[in-house]
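**Q** Here's a structure for you.
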Amino acid sequence: MKKIISVVGARPNFMKVAPIHRAFNKYPNVEHLILHTGQHYDAAMSDAFFQDLDMPQPAYFMGVGSGSHAEQTAKVMVEFEKAMLELKPDFVIVVGDVNSTIACTLTSVKMGIPTAHVEAGLRSGDRGMPEEINRIATDSICDYWFVTEQSGLDNLLQNGSPKEKVFFVGNTMIDSLHYALPKADKSDILNEIGLKPKEYVLVTMHRPSNVDEPKQLGELLEILAELSKDRIVVFPVHPRTRKNIASHGLNRIIEQNPNIKLIDPQGYISFLAMMKNSDFVLTDSGGIQEETTALGVPCMTIRTTTERPITCEIGTNTLIEPTSDGIRKGIHSILNSRRKTGQIPPLWDGHASDRIAEIIVTQCLGL
Ligand code: UD1
């Protein structure tokens, strides 16, 4: 019997690990456990996802919480080392690009535990993003790389990853999307908020570069106020953004514009239903670029770069400059011109996790 630990820490990790857990359930000679670092801890940012994704409670919870990058990364490393000494896994899986991803990789690789990175090889080229540093550092030390799109494969091979340990398997986030869509189709969330399909724009915004500076955040909210004259704007707010709106005294913009509906962060099923039925999505997220491409819903991403170029090349995603002019231009064009229809990227078929489990069991663990 081999023991495999998958690490989750922050909201975008849960939907990547849930289908991997299900895939390993099919192997009687593997025990797959989920470890939660506790980087995200609010019920709406964490617990809700375990329920929506039918994921078992984590076998190990570290409770590290928030802090500066150094504090958070260091706390995860210290606690993860203790967990590894106790759990003694044969293999560790990390996903995505959050602080928990690099912290656990650095710890497990130094402890000599074979470590695989799922969603490896993505690069925005923007070293100002903490996630880009996490991606570069994780990919340069892990032992196996599982890739979602061709650009990931190209980046890794260019940077010297041995090609026999790099596997183009597709996207586990899209596995979760396929799994949950039937439930999302039955969700009552649109009625609860008073929305009709295709009559609203869904907005998410949490990147420090967009929401930490009062001026940038204020301008973004003013633009949403303008957009709300044409469309209902639904904005599930990340705790970071919520705190900044309050502390920068920007609540008045929301109060004066009743067509902007600021709501709490949503669970996975509700959010999926809201994405699928929106007219378009305006976001600065990483994963939403992929989910909208899989759903065929137009997405405007308020960033100058993307680590997920396939979503722009063949999907429904468009990057728009994070300036007032750039965002206004982007919104004007999507309201007034023909929209991207898009295609589904190769291997985004709902079976990436099955491929990953099979490769780990047979090739990495030799079972
Ligand atoms: C993290 C990831 C980011 C990902 C995002 C999704 C890193 C470097 N960033 O950013 O890539 O897109 O998660 O949400 O890992 N907070 C709460 N409750 C929570 C979690 C956070 O109130 O459950 C607040 C705290 O004030 C915290 C702040 O949000 O300081 C930021 O949380 P943090 O985990 O540092 O980063 P995110 O912005 O969530």
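The values are calculated or read from the model by the stated rules, or taken from the named source; none is laboratory data. As the structure is a computational prediction, the values presented were derived from the model and not from experiment. Heads up, the Cβs are rebuilt from the backbone with ideal geometry, glycines too, and the neighbour counts pull from every protein chain shown. SASA here: full protein model, heavy atoms, side chains in, ligands and nucleic acids out. Shrake-Rupley method; radii C 1.70, N 1.55, O 1.52, S 1.80 Å.
**Q** Taking region 120-142, which residues are touching a Ser or Thr at 6+ places or on another chain (Cβ under 8 Å), small (G, A, S) and away from the ligand (no atom under 13 Å from the Cβ)?
**A** A120, G121, G125
**Q** Where in region 222-308 are there strands (runs of 3 or more DSSP E), lying fully within it, with 2 or more residues that are within 16 Å of the ligand (Cβ to nearest atom) and in contact (Cβ under 8 Å) with a residue 60 or more places away in the chain?
**A** Working: elements: 232-236, 260-263, 280-283, 299-302.
Counting at least 2 such residues, we get 280-283.
**Q** Of the residues I327, I360, I331, only one is surrounded by 19 or more Cβ atoms within 10 Å (Cβ to Cβ) and either in the same structural domain as P130 (by TED's automatic domain parsing) or touching a Gly at 6+ places or on another chain (Cβ under 7 Å) (or both); which?
**A** Numbers: I327 fails: either in the same structural domain as P130 (by TED's automatic domain parsing) or touching a Gly at 6+ places or on another chain (Cβ under 7 Å) (or both); I331 fails: either in the same structural domain as P130 (by TED's automatic domain parsing) or touching a Gly at 6+ places or on another chain (Cβ under 7 Å) (or both).
Going through I327, I360, I331 in turn, just one is surrounded by 19 or more Cβ atoms within 10 Å (Cβ to Cβ) and either in the same structural domain as P130 (by TED's automatic domain parsing) or touching a Gly at 6+ places or on another chain (Cβ under 7 Å) (or both): I360.
**Q** Give region 46-60 a look and list any residue that's buried (at least 17 other Cβ atoms within 10 Å of the Cβ) and of a type outside the set (S, T, Y), or say none.
**A** Step one: of region 46-60, the residues buried (at least 17 other Cβ atoms within 10 Å of the Cβ) are 46, 48-50, 52-53, 55, 58, 60.
Matches in region 46-60: A48, F49, F50, D52, L53, M55, P58.
**Q** Could you check region 5-22 and list, in sequence order, the residues that are within 16 Å of the ligand (Cβ to nearest atom) and open to solvent by 30 Å² or more (accessible area, probe 1.4 Å)?
**A** The answer is R11, P12.
**Q** Related question: Looking at region 115-145 only, could you name the residues that are of a type outside the set (V, I, T), over 25 Å from H21 (Cβ atoms) and open to solvent by 10 Å² or more (accessible area, probe 1.4 Å)? Talk me through it step by step, then tell me what you get.
**A** Quick first cut of region 115-145, residues of a type outside the set (V, I, T) only: 116-117, 119-132, 134-135, 137, 139-140, 142-145.
Now restrict to residues that are over 25 Å from H21 (Cβ atoms): 123-130, 132, 137, 140.
R123, S124, G125, D126, R127, G128, M129, P130, A137, S140, listed by residue number.
**Q** Go through the residues of region 270-281 one by one and say whether even a single one is surrounded by fewer than 19 Cβ atoms within 10 Å (Cβ to Cβ) and in contact with a strand residue (DSSP E or B) (Cβ under 9 Å, 6 or more places away or on another chain). Please lay out each step first, then the result.
**A** Within region 270-281, the first condition is being surrounded by fewer than 19 Cβ atoms within 10 Å (Cβ to Cβ), and the residues that meet it are 279.
Narrowing further to those that are in contact with a strand residue (DSSP E or B) (Cβ under 9 Å, 6 or more places away or on another chain): 279.
There is at least one residue in region 270-281 that is surrounded by fewer than 19 Cβ atoms within 10 Å (Cβ to Cβ) and in contact with a strand residue (DSSP E or B) (Cβ under 9 Å, 6 or more places away or on another chain).
**Q** Quick one: in region 311-367, of everything that is among the acidic types (D, E) and under 22 Å from the mean Cα position of the chain (by Cα), which residue is modelled with the lowest pLDDT? Walk me through it before giving the result.
**A** Of the residues in region 311-367, the ones among the acidic types (D, E) are 313, 321, 325, 349, 354, 358.
Now restrict to residues that are under 22 Å from the mean Cα position of the chain (by Cα): 313, 321, 349, 354.
On the way: E313: 98, E321: 95, D349: 98, D354: 98.
Per the stated criteria, the residue is E321.
**Q** Determine whether region 332-342 contains at least one residue that is touching a helix residue (DSSP H, G or I) at 6+ places or on another chain (Cβ under 7 Å) and within 16 Å of the ligand (Cβ to nearest atom). Can you show your working first?
**A** Step one: filter region 332-342 for residues touching a helix residue (DSSP H, G or I) at 6+ places or on another chain (Cβ under 7 Å), giving 342.
With within 16 Å of the ligand (Cβ to nearest atom) added as a condition, the list becomes none.
No: region 332-342 contains no residue that is touching a helix residue (DSSP H, G or I) at 6+ places or on another chain (Cβ under 7 Å) and within 16 Å of the ligand (Cβ to nearest atom).
**Q** Taking region 73-114 as the search range and keeping residues that are surrounded by fewer than 17 Cβ atoms within 10 Å (Cβ to Cβ) and of a type in the set (G, A, S), which one is farthest from E358 (Cα to Cα)?
**A** Selected residue: A74.
**Q** Identify the residue in region 164-212 that is part of a helix (DSSP H, G or I) and acidic (D, E) and, among all such residues, is farthest from the chain's Cα centre (by Cα).
**A** So in region 164-212, the residues part of a helix (DSSP H, G or I) come out as 164-165, 172-186, 189-193, 208-211.
Still in the running and acidic (D, E): 164, 175, 185, 192.
Values: E164: 27, D175: 13, D185: 21, E192: 25 Å.
Among those that are part of a helix (DSSP H, G or I) and acidic (D, E), it is E164.
**Q** Any idea which residue in region 334-349 is farthest from T172 (Cα to Cα), counting only those that are open to solvent by 70 Å² or more (accessible area, probe 1.4 Å) and without any contact (Cβ under 8 Å) to a residue 60 or more places away in the chain? So that I can check it myself, show each step before the final result.
**A** Going through region 334-349, the residues open to solvent by 70 Å² or more (accessible area, probe 1.4 Å) turn out to be 336, 338-341, 343-344, 346.
Right, trim to without any contact (Cβ under 8 Å) to a residue 60 or more places away in the chain and you get 336, 338-341, 343-344.
On the way: N336: 34, R338: 31, R339: 27, K340: 24, T341: 23, Q343: 18, I344: 14 Å.
Selected residue: N336.
**Q** Does L217 satisfy the criteria of being part of a helix (DSSP H, G or I), aliphatic (A, V, I, L, M), crowded, with 19+ Cβ neighbours inside 10 Å and under 25 Å from the mean Cα position of the chain (by Cα)?
**A** Values: part of a helix (DSSP H, G or I): yes; aliphatic (A, V, I, L, M): yes; crowded, with 19+ Cβ neighbours inside 10 Å: yes; under 25 Å from the mean Cα position of the chain (by Cα): yes.
Considered against the rule, which asks whether it is part of a helix (DSSP H, G or I), aliphatic (A, V, I, L, M), crowded, with 19+ Cβ neighbours inside 10 Å and under 25 Å from the mean Cα position of the chain (by Cα), L217 comes out as yes.
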